[in-house]
Each structure stands twice: as C-alpha cells, then as structure tokens.
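Working notes for the structure below.
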Amino acid sequence: MSALAVEGLVKRYGSVEALKGVDLEVGEGELFGLLGPNGAGKSTLVKISVGLVRATKGRAEVAGARAGSRAARAKIGYLAELFRFPGWYTADEVLILHQRLAGSPGGAAERNRLLELVALADARDRRVSDMSKGMQQRLGVAQALVGSPRMLLLDEPTSALDPAGRRIVREVLENLRDEGVSVLLNSHLLSEIELVCDRVAILRAGEVVAAGSPAELSRPRGVELETGEGTRTIDGATREDVPRLVAEAVAAGRQVFGARVLTSTLEDTYLEAVGDEVS
C-alpha cells in the first residue's frame, strides 16, 4: 500500500485549473520532493492530501484511506508554508496544544524527544515571540511529528532556515525515512531536494512534467579529459567511454591527469522543465 496515492487529480478554482489530472505515488518510507514555480499547483496538491481542499475530480488516498477522512488525518503530520503559533506560548506549550489536538498520549516524553530532535531542547521554556524565524520553523517541524504520523507533508519547511538549520531538518528527515516514515517535501530549494529526496516530481501549470530519482533526472553531458595539452570536453561521451578515451589519449602520446563524467544537475533539469517561469 502506498503512503500517498494521487490519481487523475483535478482542482478548479472557477476558470482557473490549478491541477490538471496529476498522478503521483509516495511509497512507504520514501522521501519525495515536489518542485515547481509559484502557481504550479504544489500547495494545492498538499492541501488536498491533508484534507484542507476538496478535489474537483480524481482521487487522493493516504495509506488507503480517502484524503481528508478521519482515518487519513490520523496518519499524517502537516506543516503549512505560512503558519503561526501564539506568541505568548512557550515551545513546550505549543507541543502540549498539538498533543491535545492530535489526541497523542505521548506526554512529556514525546515533547522532550521532539524538541531534542530539532535542536530546541534548551528552548523549551522560551516564548515563540522571542524565537528567531529559524527556531519557529524547527518548532513547526516538531509539531508536525506529534503523534508519530506515518505520512509527513511539509510545505517549504526550510524556507526560513540558515545552513545549520537546514542540516538539522535534513538529518531529521533522513532519520524518519530509516524509521519507515514517508515524507512529501514541497520546496523551492533544489539543492535540499537533491540531497535528501529519493524521488522528485516537477510540476508546471498543474501538470507533472518530469518525475524520477535525482539520478534519473540528470542527463549525461559528456566527458571532460585533462591532458598535458589542456582540458577538453567530449560531448555525448558517457562513463562507459572513459577507458577508451583515456587509452586513445595515452596511445597518442598524451599525459592524462584526469577524466570526469559531466552530468546535468537537478537545477538544469528543472529549468528545462519549467522554462522561464519565475518561482
């Protein structure tokens, strides 16, 4: 059973079609990245999956239960892109509130574990209003994990984080994957998606225009050969061509100092897929 299954998903807002028949599947224990410019339909897809928005057509299921149903909601954790906690609450009080909302019996032990997980153990009694944006973002990740959900949906969870904060969240997500938790990560940070996600889908104007693992989405761009005569690129060459290219260079009397296989990055693939649209 898939952690999240979306089939033929359509969402219309009046004359605007935000999603145009999207098919997508997130496996158990999989980190799945969602990419695309503003208006591509990413947040609409996430909101349908958590039950905040109703689809016009198609289906979305969480672990076999209809998205938005009580059974589906009991299995998910969610962090919205634009969230706000009461400024007078402490970090501990925010988690207490969400334990009550989620019906979690975890108590103080769960709160301690989650605050430790997002590097906020020393800030448990600090008010939200006294926290930096990065600390609030990490607290948001902690609240999404209340009740040990099996499916986590995160909408731009690292947008306000510095590199150290992004590393903390990345490590949290990798640990969750090891525990079998599935994650749908909606982000503009291609480098983060490339580092942490098992598979990626790129949306444009409500449609999936590319999907696969980061390695599958990269394309060979040739081989760079460094010899005593300088560096040159052999377009169209692949990893399998490297031994032959080196042997030919040596046979021609050239000194070979290195060979490097060139591939496109996820950013290259993204820009090819979405064209000139600005995020």
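Nothing in this text is a laboratory measurement; each read-out follows from the coordinates by a stated rule. Owing to the predicted nature of the structure, the values given are computational and were not obtained by experimental measurement. Cβ sites come from the backbone with ideal geometry, for glycine too, and all protein chains shown count toward neighbours.
Results, tabulated for the structure shown:
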quantity	calculated
Binned Cα-Cα distances of the range 153-211, short to long, each 5 Å bin given as a whole percent	4, 16, 29, 26, 15, 8, 3
Sequence-distant residues sharing a close amide H with A55 (under 5 Å, placed H)	none
Cut-off under 5 Å, modelled amide H: who pairs with R221 long-range	L262, T263, S264
The range 54-111: chymotrypsin sites (Phe, Trp or Tyr not before Pro) in DSSP loop, at most 10 other beta carbons within 10 Å	W88
Among G222, G134, G77: highest mean-square fluctuation, GNM of the chain, C-alpha pairs under 10 Å	G222
Mean separation of Cα contacts under 8 Å (6+ apart) over length of the chain, as relative contact order %	22
Cα-based radius of gyration of the range 220-263 once divided by 2.2 N^0.38 Å, which approximates compact folds	1.02
Value of [θ]222 nm, deg cm²/dmol, for the chain, DSSP H segments ≥ 4, -39500 (n - 2.57) each, nearest 500	-9500 deg cm²/dmol
For the range 172-179, Karplus couplings with θ = phi - 60° (6.51, -1.76, 1.60), whole Hz, Gly/Pro x	4, 5, 5, 5, 5, 4, 4, 8
Other-chain or far-sequence residues with amide H under 5 Å of R204's (modelled H)	V209
Sequence-distant lysines (8 or more away, or on other chains) whose Cα lies within less than 20 Å of K42	K11, K20, K57
Euclidean distance between Cα centres, the range 168-188 to the range 111-151, Å	15
³J(HN,Hα) computed for each position of the range 116-126 - Karplus, 6.51 cos²θ - 1.76 cosθ + 1.60, integer Hz, glycine/proline x	5, 4, 9, 6, 10, 4, 7, 10, 4, 9, 7
Low-density loop cleavage sites - trypsin sites (Lys or Arg not before Pro) in the range 59-94, where at most 12 other Cβ are within 10 Å (DSSP)	R84
Nearest-ten-degree value, helix 133-144 long axis tilted from longest Cα axis of the chain	70
Vicinal HN-Hα couplings computed from phi for the range 240-250 (Karplus, 6.51 cos²θ - 1.76 cosθ + 1.60; Hz; Gly/Pro x)	5, 7, 4, x, 5, 5, 5, 4, 5, 5, 5
Calculated Rg and Dmax of the chain using C-alpha coordinates, Å	22.4, 75
